[in-house]
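Asks: Next up is a structure, given as structure tokens.
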Amino acid sequence: MIVRELENVEKNRALELSLLHQRAFPGFFLTQLGVSFLNTLYKGYLEDENSGILIAEEERIIVGLIAYSKDYPKFFKNLIKHRIIQFAWCSFIAFLHHPSFAKRLLMAFKKSDSVVKDKDYVELASICVDPAFKGRGVGSELIDYLKNMVNNSKYAYISLETDAVGNDAVNKFYIKNGFTLEKQYLSSEERKMNEYRFYLLDEK
Ligand SMILES: CC(C)(COP(=O)(O)OP(=O)(O)OC[C@H]1O[C@@H](n2cnc3c(N)ncnc32)[C@H](O)[C@@H]1OP(=O)(O)O)[C@@H](O)C(=O)NCCC(=O)NCCS
């Protein structure tokens with residue numbers, strides 16, 4: 001298995017990323033927004049100068065991914081700015097199927113705008129592994145790659161958010177990979193969330 005960063009010129013593989021996302025997150029919010037929404041999102045990570053995608057490949061097939069951003073609020077602003085037409089169209093279609101999603105989507109953008117953190121950090125925005133490859137160390141290898149890739153004199157920590165309730169295996173996965181619980185909070189939909197951080201070496 002190879003873990004590497006996906007290049008901007010490999011944008012044509014966004015569909016592969018979206019289908020993997022759908023397999024790994026069945027029934028989840030972003031999955032229900034549809035494959036073209038996910039395509040727009042993953043292409044956005046590849047196009048953004050401060051963001052990117054790490055992939056785990058097995059015989060040239062993507063079996064795991066991490067989407068990250070070194071400036072998450074700006075990433076969302078750029079996504080809307082550069083892909084406004086596709087994004088508006090996908091959001092409109094999603095809204096027709098699931099009207100309640102409009103509020104959730106708006107809250108997600110609003111939140112990205114209101115994030116104020118004391119230090120520069122890297123957001124681990126999404127991680128997923130093909131269900132057929134779960135529990136074989138793929139997710140941990142992707143996280144190790146991200147930890148080694150981030151310049152620890154520039155960025156203080158890697159941050160991520162995940163559900164606190166009914167999500168024990170995922171919470172265990174992050175703790176096993178050296179993340180520590182920073183805080184718990186209620187999301188706009190009253191979901192209890194855990195914020196984890198992995199502090200990079202220079203911070204210790
Ligand atoms: C969470 C996830 C990325 C972990 O990747 P992975 O390659 O299965 O994880 P690894 O093999 O590197 O590590 C295994 C550890 O993760 C945890 N784990 C989480 N989900 C697991 C699963 N379905 N099967 C096995 N282990 C799982 C366990 O603690 C396990 O440790 P153990 O072997 O000591 O019990 C992957 O299961 C996944 O894609 N889940 C669905 C998407 C998701 O929920 N992503 C997180 C969003 S916040």
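Read-outs throughout are calculated quantities, based only on the coordinates presented, and are distinct from any laboratory measurement. Keep in mind it's a predicted model, so treat the numbers as computed, not measured. No Cβ is skipped: glycine too gets one built from the backbone with ideal geometry, and neighbour counts run over all protein chains shown.
Asks: Share of antiparallel DSSP beta bridges in the chain, in percent to the nearest 5?
Replies: That works out to approximately 90 percent antiparallel.
Asks: A follow-up question, please. Only residues of segment 168-188 count here: report those whose backbone N is under 19 Å from the spot 7 Å along Cα→Cβ of residue 100, or say none.
Replies: Label zone hits: 186-188.
Asks: Determine which aspartates and glutamates satisfy two conditions relative to residue 43: a Cα distance under 14 Å, and not lying fewer than 8 residues away in the same chain.
Replies: Straight-line reach from residue 43, under 14 Å: 5, 7, 10, 16.
Asks: With charges set only on the Cβ (+1 for Lys and Arg, -1 for Asp and Glu), what does the dipole of the chain come to about its Cα centre, in debye to the nearest 20?
Replies: Its charge dipole is roughly 440 debye.
Asks: Additional query: In Å and on Cα atoms, what radius of gyration and Dmax does the chain show?
Replies: Expressed in Å, the Cα Rg and Dmax of the chain come to 16.3, 49.
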